[in-house]
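Derivation of every value follows stated rules applied to the coordinates shown; laboratory data play no part. Because the structure is predicted, anything quoted here is derived from the model rather than measured. No Cβ is skipped: glycine too gets one built from the backbone with ideal geometry, and neighbour counts run over all protein chains shown.
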Amino acid sequence: MDYLTGDLGKGGAHKCAIELRFEGKLGEAFVAFAVARAQRLCLSGWVEVRGADAVTVVAEGPEALVDAFEISCSLGPIEAHVERWVRADRNIGLNLNTFKRRG
């Protein structure tokens, strides 16, 4: 994906990093969904299951794509139900080339 051209390149290409904590009835379907979406958007970072009803996601990439990822995950796959989520900014520089599951 070439995000440096077109409208996305006018402000949406600034790099950012965020941490998202999702809660609800998520399961493996949500984890697989988050990994697939992040990889499709060429983001770097990870997803980690935090108990039976919580998932933490750290994502880094162009601001517009990170925002699109957050929106996509907030809706989740049909098999999951996101009840709430919290977003926190992080410093960029994850030094990762890919997005994967941790733990």
task: Among what's in segment 60-86 and is farther than 24 Å from K15 by Cα, of a type in the set (A, V, I, L, M, F, W, C) and in contact with a Phe, Trp or Tyr (Cβ under 8 Å, 6 or more places away or on another chain), pick the residue that is surrounded by the fewest Cβ atoms within 10 Å (Cβ to Cβ).
output: V82
- prompt: Within segment 35-59, can you find the residues that are buried (at least 22 other Cβ atoms within 10 Å of the Cβ) and part of a strand (DSSP E or B)?
  reply: G45, V47, V55, V57, A59
Among the residues listed as R50, R21, R37, the single one being under 20 Å from E79 (Cα atoms) and under 8 Å from the mean Cα position of the chain (by Cα): R37
